[in-house]
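Colleague: Input: one structure, supplied below.
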Amino acid sequence: MNKGFRNEFNKKNNNQNNNFVVEDIELSAQTKKAIFLAREGKLLESAKIYNDLIYKGKFNHLTFHRLAGIYEKLGKRKEAFQCLQKAINVKKNYAEAYCDIGRYFLDAKEIKSALNCYTKALEYKPNLFGAYINIGNIYQKSGNLVEAMKYFQKSLEINNKIPIAFYNIGTIYKIEKNLIDAERSYKSALECDKNFNLAKIGLLEIYLDTFNIKSLNKLKNYINNAGLNDEEQITNLLTFFYLDCSPKKQYIRALNFSKRLGGIQKNFLQSKNNKKIKIGYISANFNDHPVSKIMETIFINHDKKKFEIHAYSLNNIEDKVTKKLKINFNSFSCISSLSIKEAVTKIRLENLDIAVDLMGYTNKNMIKIFNERIAPIQINYLGFPGTTGLSNMDFLIGDEFVIPKNSQKYYSEKIIRMPNSFINSIKYEYPTSKNVVQISSLSKESVVLAAFHKTSKLSEEVVNAWANILIKSENTYLWFKKPIQSAKENLLSFLTSRKIDKERILFAEQVSSYEKHVSRYCSADIFLDTFNYNGHSTLVECIWSELPFVTLVGKSFSSRVGGSILHSLDLDELICNSIEEYIEKVVFYSSNKQKLEVIKNKIKCQKKSGIFFNQKVFTKNLEEVYKNILRMQ
């Protein structure tokens, strides 16, 4: 704050300025102009007016609060936070500013400070709607859904015309798997505001999880444009990976999403002269999770003479897999309870050369520490099949297939391409089993088409293609992983409406262990990949089980993973470029078991000597990637 500003600030607070009435008139007129400009999207011009008023000492608490809102939209969160603090300096009992400051603390995972702010806000204004909403959010994130519901219900008592309260209640119902009440609550939010995007996304996720195609189709216009406007808030980028495979749209959504994290400002850290290259892996999934299954042999095979490997867990729950993984790291730290600032400080002090984010925007991520920068080089890898949109995420690891050169413009990160597939194989030591009762009871001529995908990946196009396969090939059976009851009913209804006999639709029951699940693959003949969002670890499981899969190549990262794996295995004959080709190829192999056996023999040969199955070579190649990146700096 400069000297002139400080003097005017003091004059204003003491009501000592002789031109107070004149200034009030100017303040009112200029504020109206600034508000108008902000509504027109002219944020910098609006901010200039507020700053000019502040410099002249012609302001009130609302001036700072409104300027904070402008800075927030511009991605200048630090400046926005400072404006909110100044609003409180002007008006000590300004409850709304305390509430907004609490939100900043909450975003930074400084929970105690956030709660203090919300408590202070309610002290000054007991019926402040936003404070109840945010306290409820704190309890929800901590897993205390009962307490969270109390605060959300209280917010409804204060005002039942604001959609966020209904949305939050719907989200609790969704977490509790009460999808009927969740849907009702999201619809109530839309009755308050038909354009309330968060509720639309909540409904989308319910309809994806239940294969409710009719309801999804009613939201098609929204799906096509959601998240493409930087004013429009979306909660989960992955939701839209299931709904389309446009890399351009995914890029725009990621950029807009990252702006709300302040992700447009680039910053740097100086590299240290470490004796060994220090790599930090950040993940919430150092446990029984597909990401750890793919990463395990990388952690094991890292050259410990040249690399120091550090793990930072975002999950305080450990299992036997965690204990098994720990021995491969130089250090293993749980940072899940730390604030963003505390986590950044801790990791920076350990002087990493490279930080690898295995999460992206997936559940329990702490991507904000990458936005603050925790290492001179930061890499997005494996956990999130797309761009983060963050200026401070330097690289993304892919390969020539998942990210063709003509798609590189849709990634904010620089692309590093692995020499084969970007994904490591998994070495299983589980016994195979052909004693799955529902399969072994079928005739020998039967062909089982497995599709062990989660329901959200099953688009209308996908299941319609599978229906056409069944129509065109005799003795074929479609084998799903058993979903929730409503999804099962919707799948059966969809398929029977296309004249598919229910007897040809099978559902694999839940099993007690991952080993038992993987052992079932050998009971199938062909695995059917999904379109917009391919299988990832699921396809690795298939190949290890010597089960061929057929994939349709799209344009986005997530829709090209199957092609990447098959290409690296020299199995391009299973890669399709259209739905028609996909259907024809599955029908062909379903009716030509000898040709199918040739494919299976190729997979067996690859398992013996192929590069895809050589985890040591994969790790060595990854280490070369790390070394090359360091040389580039």
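The values are calculated or read from the model by the stated rules, or taken from the named source; none is laboratory data. Values in this document were obtained by computation on a predicted structure and should not be read as measured data. Cβ placement follows ideal geometry from the backbone for every residue including glycine, while neighbour counts extend to all protein chains displayed. Accessible surface areas use protein heavy atoms only, side chains included; no ligands, DNA or RNA. Shrake-Rupley method; radii C 1.70, N 1.55, O 1.52, S 1.80 Å.
Colleague: Of the residues that sit in the range 349-366 and are part of a loop (DSSP other than H, G, I, E, B) and of a type in the set (D, E, K, R), which one is nearest to Ser258 (Cα to Cα)?
Modeller: The residue in question is Lys364.
Colleague: Please determine, by comparing only the residues of the range 189-248 that are aromatic (Phe, Trp, Tyr) and touching a residue at least 60 places away in the same chain (Cβ under 8 Å), which one is farthest from Lys488 (Cα to Cα). Can you show your working first?
Modeller: At the first step, the residues of the range 189-248 found to be aromatic (Phe, Trp, Tyr) are 196, 207, 211, 222, 240-242.
Filter once more, keeping what is touching a residue at least 60 places away in the same chain (Cβ under 8 Å): 211, 241-242.
Working: Phe211: 8, Phe241: 22, Tyr242: 19 Å.
Among those that are aromatic (Phe, Trp, Tyr) and touching a residue at least 60 places away in the same chain (Cβ under 8 Å), it is Phe241.
Colleague: Which of the residues spanning the range 324-341 are under 21 Å from His289 (Cβ atoms), surrounded by 15 or more Cβ atoms within 10 Å (Cβ to Cβ) and of a type in the set (S, T, N, Q)?
Modeller: Residues satisfying the conditions are Asn328, Ser333, Ser336.
Colleague: If you don't mind, there's one more thing I want to ask. Tell me which residues, restricted to the range 459-480, are modelled with pLDDT of 95 or more, open to solvent by 10 Å² or more (accessible area, probe 1.4 Å) and either among the charged types (D, E, K, R) or under 22 Å from Asn212 (Cα atoms) (or both).
Modeller: Ser459, Glu460, Glu461, Asn464, Asn468, Lys472
Colleague: Here is a follow-up. For the range 18-44, what are the residues that are surrounded by 15 or more Cβ atoms within 10 Å (Cβ to Cβ) and either modelled with pLDDT under 50 or of a type in the set (A, V, I, L, M, F, W, C) (or both)?
Modeller: Those that are surrounded by 15 or more Cβ atoms within 10 Å (Cβ to Cβ) and either modelled with pLDDT under 50 or of a type in the set (A, V, I, L, M, F, W, C) (or both): Leu27, Ala34, Leu37, Ala38, Leu43.
Colleague: Looking at the structure I just gave you, is Val550 of a type in the set (A, V, I, L, M), touching a residue at least 60 places away in the same chain (Cβ under 8 Å) and under 24 Å from Thr476 (Cβ atoms)?
Modeller: Spelling it out, it is not the case that Val550 is of a type in the set (A, V, I, L, M), touching a residue at least 60 places away in the same chain (Cβ under 8 Å) and under 24 Å from Thr476 (Cβ atoms).
Colleague: Which ones in the range 293-309 are in contact with a strand residue (DSSP E or B) (Cβ under 8 Å, 6 or more places away or on another chain) and more than 17 Å from Leu539 (Cβ to Cβ)?
Modeller: First, the residues of the range 293-309 that are in contact with a strand residue (DSSP E or B) (Cβ under 8 Å, 6 or more places away or on another chain): 295, 299, 302, 306-309.
Once the filter is applied, which keeps residues that are in contact with a strand residue (DSSP E or B) (Cβ under 8 Å, 6 or more places away or on another chain) and more than 17 Å from Leu539 (Cβ to Cβ), the range 293-309 yields Phe299, His302, Lys306, Phe307, Glu308, Ile309.
Colleague: Hey, any hits in the range 428-451 for a residue that's in contact (Cβ under 8 Å) with a residue 40 or more places away in the chain, out of contact with any Asp or Glu (no Cβ under 8 Å at 6 or more places or on another chain), within 18 Å of Ser292 (Cα to Cα) and assigned to a loop (DSSP other than H, G, I, E, B)?
Modeller: No: zero hits.
Colleague: Is it fair to say Ala47 is closer than 21 Å to Gly102 by Cβ, surrounded by 19 or more Cβ atoms within 10 Å (Cβ to Cβ) and modelled with pLDDT of 95 or more?
Modeller: Numbers: closer than 21 Å to Gly102 by Cβ: no; surrounded by 19 or more Cβ atoms within 10 Å (Cβ to Cβ): yes; modelled with pLDDT of 95 or more: yes.
Criteria not met by Ala47.
Colleague: Which residue out of Tyr281, Tyr312 is part of a strand (DSSP E or B), without any contact (Cβ under 8 Å) to a residue 40 or more places away in the chain, of a type in the set (Phe, Trp, Tyr) and crowded, with 16+ Cβ neighbours inside 10 Å?
Modeller: On the way: Tyr281 fails: without any contact (Cβ under 8 Å) to a residue 40 or more places away in the chain.
Going through Tyr281, Tyr312 in turn, just one is part of a strand (DSSP E or B), without any contact (Cβ under 8 Å) to a residue 40 or more places away in the chain, of a type in the set (Phe, Trp, Tyr) and crowded, with 16+ Cβ neighbours inside 10 Å: Tyr312.
Colleague: I've got another one for you. In the range 553-588, what residues are free of Cβ contacts under 8 Å to residues at least 60 places away in the same chain and of a type in the set (Val, Ile, Thr)?
Modeller: Val553, Ile575
Colleague: Another question about this same structure. Tell me the residue from Val356, Val321, Val344 that is out of contact with any helix residue (DSSP H, G or I) (no Cβ under 8 Å at 6 or more places or on another chain) and either at pLDDT 95 or above or open to solvent by less than 50 Å² (accessible area, probe 1.4 Å) (or both), please.
Modeller: Result of the check over Val356, Val321, Val344: Val356.
Colleague: Just give me the residues in the range 481-497 being buried (at least 17 other Cβ atoms within 10 Å of the Cβ), under 25 Å from the mean Cα position of the chain (by Cα) and without any contact (Cβ under 8 Å) to a residue 60 or more places away in the chain, in sequence order.
Modeller: Within the range 481-497, Lys481 is the sole residue that qualifies.
Colleague: With respect to Val561, is the statement that it is within 33 Å of the chain's Cα centre (by Cα), more than 27 Å from Ser407 (Cα to Cα) and buried (at least 22 other Cβ atoms within 10 Å of the Cβ) true?
Modeller: It is false that Val561 is within 33 Å of the chain's Cα centre (by Cα), more than 27 Å from Ser407 (Cα to Cα) and buried (at least 22 other Cβ atoms within 10 Å of the Cβ).
Colleague: Hey, another quick one. Surrounded by 15 or more Cβ atoms within 10 Å (Cβ to Cβ), touching a residue at least 24 places away in the same chain (Cβ under 8 Å) and farther than 30 Å from Lys220 by Cα: which single residue out of Ile526, Ile500, Ile505 fits that description?
Modeller: Details: Ile500 fails: farther than 30 Å from Lys220 by Cα; Ile505 fails: farther than 30 Å from Lys220 by Cα.
Going through Ile526, Ile500, Ile505 in turn, just one is surrounded by 15 or more Cβ atoms within 10 Å (Cβ to Cβ), touching a residue at least 24 places away in the same chain (Cβ under 8 Å) and farther than 30 Å from Lys220 by Cα: Ile526.
Colleague: Considering each residue of the range 75-94, count those that are open to solvent by less than 60 Å² (accessible area, probe 1.4 Å), farther than 20 Å from Ala108 by Cα and touching an Asp or Glu at 6+ places or on another chain (Cβ under 9 Å), and give that number.
Modeller: 1
Colleague: Hey, Tyr582 hits all of (1) touching a Cys at 6+ places or on another chain (Cβ under 9 Å); (2) open to solvent by 40 Å² or more (accessible area, probe 1.4 Å) but one; which does it fall short on?
Modeller: Tyr582 satisfies every listed condition except (2).
Colleague: A follow-up question, please. Among the helices (runs of 4 or more DSSP H) confined wholly to the range 185-242, which include 1 or more residues that are more than 17 Å from the chain's Cα centre (by Cα) and of a type in the set (Gly, Ala, Ser)?
Modeller: Per the criteria, 197-209, 213-218.
Colleague: Further question on the same structure: Filter the range 367-404 for residues that are among the aliphatic types (A, V, I, L, M), open to solvent by less than 10 Å² (accessible area, probe 1.4 Å) and part of a loop (DSSP other than H, G, I, E, B) and give the result. Spell out the reasoning first.
Modeller: The initial filter retains those residues of the range 367-404 that are among the aliphatic types (A, V, I, L, M), namely 367, 369, 374-375, 377, 379, 382, 390, 393, 396-397, 402-403.
Adding the requirement that they be open to solvent by less than 10 Å² (accessible area, probe 1.4 Å) leaves 367, 369, 374-375, 377, 379, 390, 393, 396-397, 402-403.
Answer for the range 367-404, where residues must be among the aliphatic types (A, V, I, L, M), open to solvent by less than 10 Å² (accessible area, probe 1.4 Å) and part of a loop (DSSP other than H, G, I, E, B): Ile367, Ile374, Ala375, Leu390, Met393, Val402, Ile403.
Colleague: Need pairs with beta-carbon distance below 7 Å; first residue among the polar types (S, T, N, Q) and within the range 589-604, second modelled with pLDDT of 95 or more; sequence gap 6+ or separate chains.
Modeller: Filtered contacts from the range 589-604: Ser590/Val447; Ser590/Ser473; Ser590/Thr476; Ser590/Ile526; Ser591/Ser473.
Colleague: Give all pairs with beta carbons closer than 8 Å in which a residue from the range 396-424 that is under 18 Å from Val617 (Cα atoms) meets a residue that is open to solvent by less than 10 Å² (accessible area, probe 1.4 Å) and among the acidic types (Asp, Glu); count only pairs at least 6 apart in sequence or on separate chains.
Modeller: If the second residue must be open to solvent by less than 10 Å² (accessible area, probe 1.4 Å) and among the acidic types (Asp, Glu), the pairs left are Arg417/Asp399; Met418/Asp399; Pro419/Asp399; Asn420/Asp399; Ser421/Asp399; Phe422/Asp399.
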